[in-house]
Every structure is written in structure tokens, then in C-alpha cells.
Ligand SMILES: [Zn+2]
């Protein structure tokens, strides 16, 4: 639902820009004709503009860093985003996404079943991210033990393997709901700088709720990770919504599902906690499409009481 909220077809804009070129010379001649004789010309113009745009590929969603866009094309078409192949369903549905640091353009290539190829350059709106500078005495920044480093590596191997799953389910088509609602205590993209050193940006949206608060599946899917105690993210669930779009739910105190389980949207899957490296109980919800970190907040309605 939220996914399609910000929808505006690009094609309508393209048409508006193209028309003057096509009609420029005709228009110049027309202006020399008496107004009464111009009438049929303007009628045809009005008719043309009111016709629905027949584009073979439509895109719905925000062209914005962190944005997720659903594409619809003709069956049998192949799609690449920045030269990376994109899964296209039998009916012609596909997903593209824009990472936190996506440059100002992303290239889309569509090869239709008849062999025709279309190139589109998508303008990607750039965002400003919050910067959080933290100074800590050096002895308070605990060095990683070899044991901890080993755990972090194992965790990320497991997550990477789970995210390689790529199947034709389209659970994302039903839209997304908040896994919990509450005060937003962290947003997508913010950059933490610890003692002058850039740390990983924050890719999730944090919701502060007490430990034990039920967490539900934001959309239907298949559970691909159910780890009770990862080094950074503690109790961790990954739900695969199809086409390599995943949700991760972090710092959980309890997991209610197992790897391989099929979950429905709204189904309880665990409970809020403060496990892993967390300063207090909260849910960190992250989304990823292939290599792109997606901002989950763009897919759901605002939570009443939270200022955007
Ligand atoms: Zn977080």
C-alpha cells in the first residue's frame, strides 16, 4: 500500500516534454491561420493529451536514495539496472531499488520479447543524512577480540547466504505494515562518526518499545534467518518477500518462527529486545533489495505522534 502511495508515472512527464518538439513546426504554421479554423487542430490536441499513455514499461515508487520501485513491463522482457540483471516475473513485474549512496542517475535497460531495447536514465533524488559525531576516550572503545571477529564473520556469511535466495514469489505486492509501532528513535542513512572514524551508516528504522512487545511480519514471506544471538544484531530474523527483497528484524528477545517457515503479513514472529549491540530495547527494521539498502520508512504510512 505504502509502496504505491508516492506513485507518479514518469511517462506522463515524458509525453508533456516531447509533444512540443513533435508539434513545433505545425504549431507555428497553425498560429497564422484564423482562430476559427484552428479549432479542429486544438480539438485533436486535447484528445491526444487526454488519451492514456501507452507505455510498455511503467515504474511506480519514489526515485530517491533508499527508494523501492515496482516496474511493470511486457511478458518476456528482460531488465537490467546499472548492468545488473533484474528478475522479471512471468507477468512482467520487477523490482528496482536505490541504495543510500546511489549516484544522481541509475540506468535501466529493457529488452522486449521482440528484440527492441529501451534505455532509460532515471534521475535519483539525493538525500541529506543526519551526522552523529561521538567522542569517547580511546580506552572506552573496546577492541574486537579474535573471538568476536570470528563471530561477526560467521554472522555475515549466514546473512549473505540467506540473501542469495532468489525466487519468483511476489509477497511484496500486498504492500507493507509496521512490524511494531512506537517512537522512531533512529532513521535510515544516518552516519555515526566515532572519534573521527566513520562507522557503518545506520540502514534501518529504529522503534523504541519495551522488551517483550510482539513484532509482526511487515509482509508475507519465507523465514531465511532465525538466529537467536548474532554479535551485532542479537536475535535476528530475515524474511524473504521474493525477488531478493528481504526484511531483517534485529535485537529481538524472542523468536517465534524458524528457518523455512512461511509467514503471513501481520503474523507475530518474535518480540522486541535489546540483544546484541543495543543501547536499549528497540526494534531495528532493515530492508534490502539485492545489494541495495532500502529505507523501510518509505513503504509504510507515518506513525501518528511521530514527527517526520
Ligand atoms: Zn538501529
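Determine Rg/Rh for the range 242-308; Rg is computed over alpha-carbon atoms and Rh is the Kirkwood hydrodynamic estimate from the same atoms. Write down the numbers at each step before the final one.
Values: Rg = 13.4 Å, Rh = 13.8 Å.
So for the range 242-308, dividing Rg by the Kirkwood Rh gives 0.97.
As a length-normalised measure over Cα pairs under 8 Å and 6 or more apart, the relative contact order of the range 130-201 settles at 61 percent. Across the range 140-299, the relative contact order, built from alpha-carbon pairs under 8 Å that are at least six residues apart, equals 24 percent. Volume per residue of the convex hull around the Cα atoms, evaluated for the range 149-254, comes out as 119 Å³. Here the residues 176, 98, 231, ranked from fewest to most Cβ neighbours within 10 Å of their Cβ, fall in the order 231, 176, 98.
Exposure proxy for 230, 173: other Cβ atoms within 10 Å of each Cβ, ordered fewest to most, give 173, 230. Our estimate of slack between residue 141 and residue 160, defined as 0.36 nm per intervening residue step minus the Cα-Cα distance, is 4.1 nm. By the count of other C-beta atoms within 10 Å, a proxy for reagent exposure, 188, 129 are ordered fewest to most as 129, 188. The value obtained for the range 61-117, namely the Cα convex hull volume divided by the number of residues, is 71 Å³ per residue. If you wrap the range 166-211 in the convex hull of its Cα atoms and look at it from every side, the mean projected area works out to 5.7 nm².
D by Stokes-Einstein for the range 103-192, Kirkwood Rh over Cα pairs, 25 °C, 0.890 mPa s: 127 µm²/s.
Taken together, the values in this text are just the output of simple stated rules run on the coordinates, not laboratory data. All figures in this text were calculated on a predicted structure; none of them were measured in a lab. Because the Cβ atoms are built from the backbone with ideal geometry, glycine has one as well, and the counts that use them run over all protein chains shown.
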